[in-house]
Structures are given as structure tokens and as C-alpha cells.
1. In percent, what relative contact order does chain C have, based on Cα pairs under 8 Å that are 6 or more apart in sequence?
2. What is the spin-label model distance, in nm, from C:Lys107 to A:Arg25 if the labels are put 7 Å beyond Cα along the C-beta direction?
3. Taking B:Lys82 as the anchor, which lysines have their alpha carbon closer than 21 Å to its alpha carbon, excluding any fewer than eight residues away along the same chain?
4. Based only on Cα atoms, what mean projected area does the convex hull of chain A have, in nm²?
5. Just to confirm my numbers, what's the Cα centroid distance between region A:262-308 and region C:288-321 in Å?
6. Tell me the Rg and the Dmax, in Å, that the Cα atoms of chain C produce.
7. Taking the Cα atoms of region C:191-312 alone, what are Rg (to one decimal) and Dmax (as a whole number) in Å?
8. What nm value, rounded to one decimal, do you get for the distance between B:Glu66 and A:Asn241 when each label is placed 7 Å out toward the C-beta?
Amino acid sequence: RDTVITQAHGGGGKAMRDLIDDVIRSAFDNPNLQIQEDQARFSLAEMALHGDRLAFTTDGYVVSPLFFPGGDIGKLAVNGTINDLAVSGARPLYLSCSLILEEGLPMDTLREILASMGQAARQAGVQIVTGDTKVVPRGAADKIFISTAGIGVIPASQQIAAHQLQPNDAILINGYLGDHGAAILIARGELQLETTIESDCAPLHGLIAALLDAKITPRAMRDLTRGGLAATLNEIAQASNLHIAIDATKIPIRPEVQGFCEILGFDPIHLANEGKLALAVPAEQAQTALAVMRAHPLGQHAAIIGSCRPEPKGIVTLQNGFGGERILAMLVGEQLPRIC
Amino acid sequence: MCLGIPGQIIQVTDTARKLGIVEIGGVRRTINLACIVDQDHAIGTCVGAWVLVHVGFAMNRIDPQEAQRTLDLLREMGDLQKEIASIEPTDTKTSEGTGEIR
Amino acid sequence: MRYVDEFRDPVTGQQLLQQITHQVRVLGRDAQHPLKIMEVCGGHTHTLFKFGIESMLPEGIEMVHGPGCPVCVLPVGCVDDAIAIATQPNVIFTTYGDTLRVPGSQKSLLQCKAEGADIRTVYSPSDALALARQSPDRDVVFFGIGFETTAPSAALTLLQAHEEGLSNFFLFSTHITIIPTLQALLDDPLLQIDGFIGPGHVTMVIGLEPYLALCETHHKPIVISGFEPLDLLQSLVMLLEQFQTGRCTVENQYKRVVQNSGNRIAQQALEKVFLPRECFEWRGLGSIPNSGLQIRPEYAHLDAEKRFLLPSRSVPDPKACQCGEVLKGAIKPWQCKVFGTACTPETPIGACMVSSEGACAAYYNYGRLATTRTLPQER
């Protein structure tokens, strides 16, 4: 058996067939994947039973290192796309998986990543139903790149879109900020920091389902990925043309992540997350939404962090414990260790 | 000008190169202790010491008594201010919510 | 976090603010006739904006953001020299993250990195030295920026490389010193500063003594401050007390870290490795005598300026850029012609907009709130 990926695996011939059948299909085994066609097929009528709109999204995953405390590129590739679907109120159903493999990638590494993808999909109750594999010469890719697309059906009752935000809506998040961003930077090893920080990579469809079952009607809901809470809140403020006022003292930050940020001069509000969402709900639903999230394993540290106001339009402000208030802007690039 | 963070030295790891491990908010890192070690302060005295860390160097020891003295002074200032505030009306226009901010 | 959270208590902060307001009223100062206080250090500027303190100070105080951010004052010529080194084939160019986006005459280090130069962000000069040990066939250059707080770590790292006989580690020193800079500021008639909040961490190294002559000759009080909100507010109270009592001295608020004599070991490291440059160019402030540090001849074999052929041209700042006047407090960030239009965090012209510590970036990102609320003519 081959111990590393070679050009042959990308040639479209027998070696590629074996790779797909023995390594990839076995990791994702589900009925839809058995049909040997070029595409997965679904019954529209059956889907229409679950809702009136299709949610469709895609994302690319190039994280380095491939394995990090709390997850790996495979788990990320499944949960990240599930979360993009789930924040629309949709029930995630099917994923596609496109693999770009660098010549020389150890087969065991590929198996481990695909096993992790299969497990994440099963845990979230979604199926990986179609995909593609390409092999590129050594150096043309960094070991493995994964992109996944996802389909889900949005129930007719769910109309979640940021432009619907109203003044006095409450802003909530479901837990600690910055865990993923810190875990990845530390795992790269360049900073030579030792911590217990883990990525918060997790599928949020269950937490969201719990909110919707409790009759919470979110006006806006987005998962917080790169750019952190600051980027997402600015997107929501611009989409709704409202002023989002956040109370910094209410934002939960894990002590180790706070220490990590103090050392490098980072602000956790800009750090990446992979298991966090921000949602805006009518003011009267805020306490219920908080209680529902806190009762869920992925919402134990949920918090109400602010509210919407009519003026000034389209900006986010941060009120700190001092009574001072400042604008919270989106960063231009990514945060870099600074000395001053 | 210079981002400095308090941390506690928990271990000396290389006496020749004067290296030790500092802990800052649960995060640990190897740092250079050269600036806090001399004839009067042998490297062994670093363990347990609180230091100001900047770019991977322990730049200075933090003086716990001075820290406490500053905090006490701040508290006294606060109490003094409470008395003054109770005598004369404050005219600060700090805003409430979206009120006017200069 | 110990020695951090205790100095961020909002209740004490509010009480200090009330005391400052009281002191300012007693001194008879107001919006038309404010006390102009310069916080020299970029770290203080960052704290002022991060905690929104400036917007809570009474109108009788105007904070002027000084040149104490090594990135803000990094001249275009230095960035071009750094790029000249970084683009050499066998070089690994290591630097703090602060410098990557500072504009050179053609491009920034970040753009060079995208074009293939091996430029790596490091947290510490020790990491650059470790890189040099691990890759003996490459020339590892460390971009030394910063004041007397950061220069000792570069000096000690250079001495370590010398001791280990490493021949592939080089320091590119653009380190700068604070006293000549303050001297140049105080000599400038344009500057009408009443008092200074002094840099805590530079003073941790150099001690209080170097400030005494400045304080006496220019009769401007100086309080050396820590970097937490309560440190800054307490320092302002101490400075206002000097005005109230007619005193003019150098006071140390940051006693938990700063000994009046400074740190001997760090001072010795500086003296052993560096020599003051005859003069050194600062972005926006022109050339200031004795304000730069160059590597002594006995360590020429570790000096990047000797190892690489550098253009070292004095490149004038972009014409539209008024960073110099902002750094001297002559104008406010929003009074610069290009502030917020041609010069924004996405398209920085002057270094004051590049560094998050720079007055313009801090004001653009954090301070715009005041102007979005007050009448537009203030812009």
C-alpha cells in the first residue's frame, strides 16, 4: 500500500480510484455516497417538506498547523461550513469535500484528517455526499487544502437577516472569545508559548436549534470567525445602519487568552473563533435566549454584551468599565506581535 | 513605546545563559533573566519573583511593597475625593449612554 | 492578572477623574485656556484611547500625543534600508510586527514579504538568535527598533551572539534615545507644552536622573507614569499638584517598577554595545543630534550596516504628511490635511497612522466618536 500521496493518485486512473474507494469513501460512508455518479442527487419534494428556501455556502480551509489543541483541519472544514449554514436558521444536511493534496503527504496524515471529518459529520448529523481530489507537485500546496460546500433547508418561519435589526435589540454571544485564534498561533510554535488554550472548534447547529425551539426569533445571527467579534459586529452595524453599543466588561475572555493577548499586545475582540456566534434578538427575548444558551454545553459562558441604538449610524462602540466609550473598528490586516 | 507585562518567574532553566520560565496569566514562556541578575541578586533569587517582561526579557523586578503603597495611596485619594464630592456639587458632564461627549 | 487588574479598577478611576476635574477648576483652566500635557510614550496614548480616558478628562486639560512610538518616528530612509537588507538572497529578516506596514518610499516590508522576501515576525530578539543557530547557512538579521526599553535586549542578544562566535547573526540598529528627543521638542518654539507624562518603561532602564537637567532648564514638570489607567490618572493628579504648588520636579509614580537609579545592568549593556550617532533622522521631526544608537566598532562583524550595502538615503516625508506637527502637538490629528481622506489605516501615508499607538491611528479608530457626535466644523 502507498505510504505517501504521489502524482499517480491524481492521474484519474486506478491509483486514484483506489485512493477514493479505500481511503476517502470509507471515511465518509453514507448511502448517498454509494451511487457511483459524478454528483449527489436529492429529491426537491422531500426537501420542501423541511422549509421554503435552500441555504448554500462554501469555505476553504488552509490552517497551519494541520493538527492543533482542540481540533484539526478536517474537523474545522466540517464544522465551519455547518456553522455558516446553521446561522441562517437552516438545518445543515449535505456537504461536498474538495481535497487538494500535495505530493508526498503521508497517507496516515490523510487518513487521520478524513477520519476526523467523517466523525465531525456524523456527530452533526450531516452527510458528505460528493467531492473531488486533486494532487499537486511538491511545494505547490502546503500538505493539504480542503474546501467544503454545504446545503441546508431554511424553515419558512426563519427570516434571519442583519438588515432587520431594530433599535433596543439585545446583542448576545455564546461564550469565551479568541480561543481558536490563540490556539493556532501558539500551535505554530514560533512564539514558543506554553498554554492549555484549545480551539473552540464545534458545530453550533444544536445550540441554534435549542434557541429556535424556545421560540427565540433572532433578527441577525452570524458565526464569529476570522476578524473576531469586531469584524462581525461592524458587518452587522453596516448592514443594519444602526449603532451597536457593546459593554466591554460583559465580554467573557478566558484568563489564559487574556494573558496571551497581554504578552503580544493583541485584543481578544479581534481574534478568530470557530465555535462562537453573535446574535441580535428583540430586547424582551434577551433573558430567555441567555438562559437557553447557558443550558447548552456550547453556551455555558454565554453573555448579553450590548444593544442596538439608532444613532450614530453604522458604527460599533465599546463602553469600558471606566465609563469611557470608543469606536470599535475592524482591523485592516491581522494582528501581529507588537512592542509598542 | 514599550509593551511590558508583569509575570512571575517559576523556574530557572539555564544558569549559564541566564534563562528561566515566566508565567503570565497562565501562559508560560522561556525568557532571559540577564537584566535582573548580578552579584547582589544571584540567579536563584529569581524564582518566585514578579518581573516586568518586555520582548522576552525580564527587564526589572516588581517591588510588591511599592505596588501596595501605590494602591493604598489610590484608595486614600478616593476616600478624600468622596469627602470633597459630598461638599461641592460636581459639574462633570460625563454622558449617560448617548449623551453629549466632547 | 496580578499587578494589572488592580490598576484598572473603574471606581477608583472615577474618583481620580473627579479629583482632576476639581484640580483643573482650582487652577482656573478651561476649554479656551487648557493645560497642554504631553504623554510622550505611545503606550500611554494606547491606554488613553483603549480606556476612553481622553474623552472623560475635563475640558481644562488637553492631552498632546508625543513622539514616543518607535514606529511612528521611523524615517522612510530606514524602511528602505530594511527592505534593501530583507531582499538580499540569503537573508532571513526578522522584525517585530509593528514595522511591517510602515510605508517606505516604494513599498513596505509586508509588500516585500508578499513578493517573496524571507521576512519573519518575532516576539523577541532571542528568537532571531535561535533562528541563526538553527540555520548556519543563512544570514539572520534582526531589525532593532525602539527606545532604551528595547535596546538593552538587542544589546544582550548581540553580546550572546558574539560570545557564541556566531558569524551569521546581524543587528540592524535603528534604536533611539528619549532625552535628546525631548530636548529637541522643548527647544522648538512651536511647542507650547506645560508638562509631561514621562515614559515608564524607558525610565525603568535609564532612571530619573537624565530628566533633571531638562526639567530645570525648561521649567516643565515631569511625572514618570505606569501604563494602566489608574497609573495615568494618578500621574495627572501628581502633575496638577505640581502646578497648584508651583513645584517643578521629576516625580516617579511608577515606583513598583521604576527605581530612581534605573537598571544598571541594562545601562551597562547599552554602553558596551552602542555609541550615540552624531545625528539621526526622525519621521516628521527631521534630524536630531545624538538621538540614535549605532553599534560600536568592536562588534562591526555583527553590524548589519557594515555587512550589507545600504542606500541610507535621507528620504523626505511625503509632502502631504503632517506627522511632524501632530507629533509636536502643534495640530490635532484631524487638523492634518489628509487625515481620514488620503491617509487612513488602510492607506497610511504617515507612520502616525500605521502604528496602533500612533496618535492618528488611535484617534481614527477610537477617537472619531467625539467628532461624529459634535458639530462638523470642528473637523
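1. For chain C, the relative contact order is 21 percent.
2. It works out to 4.8 nm between the two label points.
3. B:Lys93
4. On the way: hull surface 73.7 nm².
Approximately 18.4 nm², given one-decimal rounding.
5. 49 Å
6. Rg and Dmax of chain C, Cα atoms, are 21.0, 67 Å.
7. Radius of gyration, then largest Cα-Cα span, for region C:191-312: 17.7, 56 Å.
8. 5.6 nm
The values are calculated or read from the model by the stated rules, or taken from the named source; none is laboratory data. Not measured: the values here are computed from a predicted model. A quick note on method: Cβ atoms are made from the backbone with ideal geometry, for glycine too, and the neighbour counts reach across all protein chains shown. For the accessible areas, the whole protein counts, side chains as well, though only heavy atoms, and no ligand, DNA or RNA atoms are used. Shrake-Rupley method; radii C 1.70, N 1.55, O 1.52, S 1.80 Å.
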